[in-house]
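In what follows, a structure is listed as structure tokens, so that the remarks can point back to it.
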Amino acid sequence: MSKDFTYIIPRAEPEVEENFAAQKVTKEFYDEVEVRREFNNYCKWYKETAKANRQELETMRGELNILRWFLRRRQ
């Protein structure tokens with residue numbers, strides 16, 4: 001019985017298709033901008049963290065190694 005009915009599939013008007021295409025391109029552009037911004041923020045954080053870690057390592061290298069001193073005494 002459902003085959004007795006004809007289906008009407010409306011065709012989109014050209015300006016509607018253009019509007020959807022423009023909206024899609026705009027969304028993709030802003031998504032790309034956001035991805036690049038997040039990547040730049042990550043790179044900045046990574047460089048700052050690496051710099052802090054290098055400074056901490058240099059500080060640790062200059063400190064007295066107490067554990068090695070105790071291990072030498074035991075032998």
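Here, each number is a calculation from the coordinates, and none is a lab measurement. Computed from a predicted model, the values in this text were never measured in an experiment. Every residue, glycine among them, receives a Cβ derived from its backbone with ideal geometry; neighbour counts consider all protein chains shown.
Work out the length of the dipole vector of the chain about its Cα centre, built from +1 on the beta-carbon of each Lys and Arg and -1 on the beta-carbon of each Asp and Glu, and round it to the nearest 20 debye.
So the dipole magnitude of the chain works out to roughly 1340 debye.
If R₀ is 25 angstrom, what is the calculated FRET efficiency for the pair Ala12 and Arg36, using the beta carbon separation as r and rounding to 0.05? Before the final figure, lay out each step's value.
Values: r = 33 Å, r/R0 = 1.30.
Step by step, r from the Cβ atoms, then E = 0.15.
Springs between alpha-carbon pairs under 10 angstrom, Gaussian network model over the chain: which of Asn65, Asn41, Asn19 fluctuates most?
It is Asn65.
Compute a Gaussian network model of the chain, connecting alpha carbons closer than 10 Å, and tell me which residue from Arg37, Arg54, Arg11 fluctuates the most.
For the chain, modelled as a Gaussian network with Cα springs under 10 Å, the answer is Arg11.
From the backbone phi of the stretch 40-52, what are the Karplus-calculated ³J(HN,Hα) couplings (6.51 cos²θ - 1.76 cosθ + 1.60, θ = phi - 60°) in whole Hz, Gly and Pro given as x?
Residue by residue, the stretch 40-52 yields 5, 5, 5, 4, 5, 4, 4, 5, 5, 5, 5, 5, 5 Hz.
I'd like to know which of Cys43, Asn53, Ile8 lies farthest towards the positive end of the charge dipole of the chain, counting +1 on Cβ of Lys and Arg and -1 on Cβ of Asp and Glu.
After comparing all options, I get Asn53.
Running a GNM on the chain with Cα contacts under 10 Å, which residue among Ala12, Ala52, Ala21 ends up with the highest mean-square fluctuation?
Comparing Ala12, Ala52, Ala21 in the GNM, the peak value goes to Ala12.
Show me, bin by bin at 5 Å from 0, the whole-percent P(r) of the chain based on Cα pairs.
For the chain, the binned pair fractions read 3, 11, 7, 8, 7, 7, 8, 6, 6, 6, 5, 5, 4, 4, 4, 3, 3, 3, 1, 0 percent.
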